[in-house]
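Working notes, beginning with the structure itself.
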Amino acid sequence: MTAPRVLIPVALGTNRDGDLAEAFAAAGAAPERVPLQALRAGEARLSDFQILAVPGGFSYGDALGAGRLLGLDLVGWFGEQLHEAHQNEVPMIGICNGFQALVRAGLLPGDQPAVLADNDHGRFECRWVELAPEPGNDSIWLSGLDEPIRCPIAHGEGRFVAEALADVEARNGVAFRYAQDGQRAHGEYPANPNGSAGDVAGVTDPTGRVLGLMPHPENHVFERQDILRGRRTGGQALGLFASAVAAVR
Amino acid sequence: MTSQWALVVGPGHRHGPESALISAAELFGINVDTITEFRLVHLRGELGADELDRLSRALLIDPVDGWCEPADALEHDDAVVVETGLRPGVTDREGAELVRAAAQLGLPVTAATIGRRWVVTAASLADTDLERLAQRVLHNEVIERWSLGALAPGFVSDQPETPATNHETVLGVDNDALEAISQRRRLGMNLAEMQAVQSHFAELGRNPTDAEVETIAQTWSEHCAHKTFRASITVQNDAGETIDTVDGLLKSYLRKATDTIDAPWVRSAFVDNAGIVAFDDDFDIALKAETHNHPSALEPFGGANTGVGGVVRDIIGVSAKPIAVTDILCFGPSDLDPDELPAGVLHPRRIRDGVIAGVGDYGNKIGVPNIGGAIIYDPAYTTTPLVFAGCIGVLPRDSHPTEPRPGDAIVVLGGAVGRDGVGGATFSSQTMQAETAEVAGSSVQIGDPIVEKGLIDVVMAARDAGLYTAITDCGAGGLSSSIGEMANELGADVDLDLVPRKYPGLAGWETWLSEAQERMVLAAPDPGPILALAERWGIDGSVVGTFSDDGVLRVRQGDETIVDLDCHFLHEGCPRHELVARRQRVTASERTPVALDVVETTLALLAHPTIASKESTVRTYDHEVMGGTLIRPFGGAKGDGAADGAATIPPGTSGKNAMAVGIGVNAVIGGHDAYAMAWHVIDEAVRNAIIAGADPGELSLLDNFAWGNPTDPETLGQIEAACRACHDAALVFNAPFVSGKDSLYNVFVHPDGTPDPVAPTLVITAVGICRAPDNLPLTGVVAPGNEIWLVGPDAAALRGSHLDVVLGHDYGGELPAPEPGALARHQEMAAAIRAGLVASAHDPSEGGIAVAAAEWALAGRCGLDLDLDDDHAVLFGEGPGRYLVEVAPADAGAFAKIVPSARRIGSVTSGDTVRLGAHELSLDAVEQAWKQTP
């Protein structure tokens, strides 16, 4: 069986593309980092791939708000390809800046306006967090996760604000919540590092095929990467990537 | 019709009573309640009302609660407004993106700048206070403008015609006139150098152009030519008698140590942008550490920002992919009374906050993890803050080409040239005064890290395809130094009309000299494929000339030749300096006994800003990107314990080896004895690298010197002593220097002429290979019941220790003595770590064993029970070759066999106290002291 192809688009300032490629490769996929200019030039099309993964970084230097200009590129240059892929139930994931861009592009949460606003404390912050997968969410992305994962955040604009969060909650659209020792963070800093309402760290669209999250599961796919290496076991996020790979095989 | 708009975008960010901004205002005695920060957008373009609305919604307004209003229509009740914006020409990535994105939407915007509106509420605020708030807290005049109320837009104005090239008259003029030219152009050249220029051009029978004089000054600057480290030095004792001569510090000490050791793992040392050493069978790693002190003193954010950018570029300049950055920062006390600040000096807190934001911004945006560093606070850094930035990269073995050939095209990749960044090398080679900010403002720049990220992608792809024959970065001196260096053996013909510029109106010499960040120069037999790669990754590229074979550096602009310089004269013509060094007199004295409360003193040490937790800073740096980090700045049971060294697995390598990094720096000992200080910081760097898993048999070192004015014999005496110690310690540790950087003239000259030099500071970075990453010790103690062992002597030196720093007095006694025997202990420790016998380890450095034990216990959230003599030298002494080690009982026998000098001193407990012999501290008290934000 050939490994599913994963498209990792790279804008000027994208920087966790290599990390994301490594995670998908570890999950058995064939990731490809392709610059946006090359996609625009028709070097490849989204339909050549089975998964779309929009990586983290600082696309366009976060000018005019994190993810805004990458979101504009996605809609303006690749709107039709994205629509077609969405129709074809192609799994998509946006992590950190990728999440911000998918929100700007209107793909997430997909049923209402939302934004990833400045962290409550107003700073960029890098720290490890615990993420509890939401039990009621039946997205293919979560199918292989049965315990909380640990991974770092690295963002300044990560506070999820939706026009009607209750509607997202009602359709089980929350994918991950910030947690501490298996319990909800309940807004407590630093377990909830940015002040997101409902401790929301990630959401899925109404189809469950599109996932976005602020933390970086791609930075904890191997045991050696764990900040609690030697003190705790488990908590790896490889299952997240493996779930999507399994779904398209 | 072209119109202009000023728009305010909300919701703003509200800085409340607890915020850094409000407390910074308080420091200046300005009491305000809140400051709300809005984005201020100035636009120029042919937009109708509908188009402006479309632009606002697509590019400015956030969903859910965002808005955008004309600036003049927006009123703020019971508040005052200050607006700030960048000076025209300063890098404005956000403004440029707005123009680009508007074009993408079909909206004709011709210019855009992004500034800030600050809305200030206060019970009462005098106009003078508001002005001071704007000047001291909300803006920096070096790069920004401010206004009470509406700020005029800062578009780059239409420049006049390109200024003509001028000549400097050096033929037939006297010495005074020569020196006057150097002064007027801020060349930093002494009389002997000006005379060398005079006689060279006398032979040619013509006067030099402004571009030629500037090219020579940049090439011969201390920054580029390291004149002091190459000078011939007469060494005197303190009676003024000649006792020795040194044929160049670099040649006689640093490079000599490397040559003597002749280590098989060194692939390239001292000759390129960075040192290169072997990593495994397939890969090498490239190492470099830089200083960016002068710019950071003037514009902390931009100075530190471009400091990181510059050192990352050095690594790209040896064809390596940057994989880690480090930063060592030295500041004055953050609570300094503003009234004690000399005119023209920024407050240490302002400098600190700006520098930290600048370091974080660049590293985070370029996507290279910041894996370690240090922050030191000492009054000696108030007027001369220090910023050291390091970078490490990885490259396939033998993949870095270094031989440009005649006929190769000169390819420039990256940012366009502007007037910012002119004269950086000469500026950073001179002392600073109150007026420096005004005259040297154009030497300071803001970085553009996302362009440099693109450069990494382009250069790595070009390297793997074998598309270039040589590469270097545009550092200080811009194209003049990068092309000048590459053309050293060949010659080059450059056409300045082909160099992309940010705006018209630059004089030829400005285009040729401007540093402009984020640019690389490559020599390519066929430039086409490189330019295609650049376009693919969204990076600008152009061919600006050709390498020749006539040994002449020739630069044309239009029909005019503005530079026609013999390469040999340019690179070898600088007269060698002859300097005098006076050896420091090191006085020994008996230590005066001091009565102190051990518990209170330990807590005071833990709370000293140099020792206290740097978590609030380090959290603003991304230390996880690239996914290779094994030992990060913070670890332990709750992720808040400080690590000693850092370890990372370079992406793309097999994962069997990791790279281990240790850093040593000390602000105190150098004032007593620079020789002892240098040895001390080398030992510290080695200890930290070993705890991070390095094998002491194959360490490589980087040196960074920051000193005052080397023409002062006392100062040069300290530098000479430090270099001698570097040589001696390198031989003992079998650790060669592979690259380094000296930053001199770190002196602030007070208005009355009094020089205020920096504390003698040497930063050593030790990099090694960890061959057993799975066996790395953890950060912080791990398990109750484990044994604690001490490696090395119980007692250590108290003179120059942080005990005396917190006591505020020098009580005399012994300084930390160089100890060649420490090597054996480093080797034993490394062997025990490799064998997997060390659960965790910590290095007693600042504050000695008492502080190390407290930090270590807190990191692991376990108690410690240690038998220690009630002796200050045991508890607080600082010295070489010592480790605190945690060993599981089952491993103790094997550990004792491998480390025979180790002595068991106690154990890990499940309690919440740290017992230090007769004294006991609670973990709560330790946490409170150590984690209070400095």
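The values are calculated or read from the model by the stated rules, or taken from the named source; none is laboratory data. The model shown is predicted, which means the values in this text are computed figures rather than measured ones. Because the Cβ atoms are built from the backbone with ideal geometry, glycine has one as well, and the counts that use them run over all protein chains shown. Note: areas computed on protein heavy atoms with side chains; ligands, DNA, RNA excluded. Shrake-Rupley method; radii C 1.70, N 1.55, O 1.52, S 1.80 Å.
Some values worked out for this structure:
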read-out: Amide N of the range B:6-40 lying under 11 Å from the label point, which is placed 7 angstrom from the Cα of B:ASP72 along Cα→Cβ; value: B:6
read-out: Amide H within-cut-off set for B:SER743, under 5 Å, with H built and near neighbours excluded; value: B:PHE705, B:ALA706, B:TRP707
read-out: Estimated buried accessible area (total), pair B and A, 1.4 Å, Å² to nearest 100; value: 4400
read-out: Probe 1.4 Å - accessible area at A:HIS86, Å² to nearest ten; value: 60
read-out: Mean residue ellipticity (222 nm) of the protein assembly as shown, computed from DSSP H runs ≥ 4 via -39,500 (n - 2.57), nearest 500; value: -8500 deg cm²/dmol
read-out: Residue-count net charge about B:GLU927 - beta-carbon cut-off 14 Å; Lys, Arg +1, Asp, Glu -1; value: -2
read-out: The range B:45-62 - phi-based ³J(HN,Hα) in whole Hz, Karplus 6.51/-1.76/1.60, Gly and Pro as x; value: x, 9, 10, x, 4, 5, 5, 4, 5, 5, 4, 4, 5, 7, 10, 10, 8, 7
read-out: Gain on full stretching of the segment that runs from B:THR34 to B:ALA831 - 0.36 nm per residue minus C-alpha separation; value: 281.2 nm
read-out: Estimated vicinal HN-Hα couplings, Hz - the range B:288-303 in sequence order (Karplus 6.51, -1.76, 1.60; Gly, Pro = x); value: 7, 9, 10, 10, 9, 7, 4, x, 5, 5, 8, 9, x, 5, x, x
read-out: For the range B:377-416 versus the range B:265-312, the gap between their alpha-carbon centres in whole angstrom; value: 5
read-out: The range B:1-92: GluC sites (Glu not before Pro) in DSSP coil with no more than 11 other Cβ atoms inside 10 Å; value: B:GLU18, B:GLU75
read-out: Sequence-separation-based contact order of the range B:797-934, relative, with Cα cut under 8 Å and 6+ spacing, percent; value: 30
read-out: Accessible area, probe 1.4 Å, largest first, for residues B:ASP683, A:ASP111, B:ASP262; value: B:ASP262, A:ASP111, B:ASP683
read-out: Net lengthening on full extension, B:ASP869/B:ASP398 (0.36 nm per residue, minus Cα-Cα); value: 164.1 nm
read-out: At least 30 Å² of accessible area lost relative to the chain alone, listed for the range B:356-372 with a 1.4 Å probe; value: B:ASN364, B:LYS365
read-out: Residue-by-residue Karplus 3J(HN,Hα) for the range B:865-872, coefficients 6.51, -1.76, 1.60, Hz, glycine and proline x; value: 10, 10, 8, 9, 5, 7, 9, 4
read-out: Cα extents of the range B:3-148 along the three principal axes, largest first (Å); value: 49, 33, 23
read-out: Simple label model, 7 Å out from Cα along Cβ direction - B:SER232 to B:ASP549, nm; value: 3.7
read-out: Stretchable slack from B:ARG186 to B:ASP53, in nm (0.36 nm times residue separation minus alpha-carbon distance); value: 43.0 nm
read-out: Contact order normalised by residue count of the range A:67-217, Cα under 8 Å, 6+ apart, percent; value: 30
read-out: Carbon plus sulfur fraction of accessible area for chain B, probe 1.4 Å, in percent; value: 47
read-out: Percent RCO, i.e. relative contact order, over the range B:1-136, from Cα pairs under 8 Å lying at least 6 residues apart; value: 34
read-out: Tail fraction, Cα-Cα pairs, chain B, threshold 48 Å, whole percent; value: 24
read-out: Accessible solvent surface per residue of chain B, calculated while the other protein chains remain in place, 1.4 angstrom probe, Å²; value: 34
read-out: Amide H within-cut-off set for B:TYR621, under 5 Å, with H built and near neighbours excluded; value: A:CYS126
read-out: Förster-model FRET efficiency, 30 Å R0, B:VAL599 and B:GLU18, C-beta, rounded to 0.05; value: 0.50
read-out: Separation between Cα centres of the range B:188-210 and the range B:471-512, rounded to whole Å; value: 21
read-out: Estimated FRET transfer efficiency (B:GLN928, B:ARG206; beta-carbon r; R0 56 Å; 0.05); value: 0.20
read-out: Within the range A:131-226, GluC sites (Glu not before Pro) in DSSP loop having at most 14 other beta-carbon neighbours inside 10 Å; value: A:GLU188
read-out: Backbone N within the range B:557-594 under 11 Å of label point (7 Å from B:ALA177 Cα along the Cβ vector); value: none
read-out: Rounded to the nearest 10 Å², the accessible area of B:THR242 at probe 1.4 Å; value: 90
read-out: FRET efficiency estimate (nearest 0.05) - Cβ-Cβ, B:ALA772 to B:GLU590, R0 45 angstrom; value: 0.45
read-out: Heavy atoms of B:HIS223 accessible to a 1.4 Å probe, total area in Å² rounded to 10; value: 50
read-out: Over 21 Å between alpha carbons, listed pairs B:LYS614/B:LYS638; B:LYS321/B:LYS365; B:LYS256/B:LYS288; B:LYS227/B:LYS321; value: B:LYS227/B:LYS321
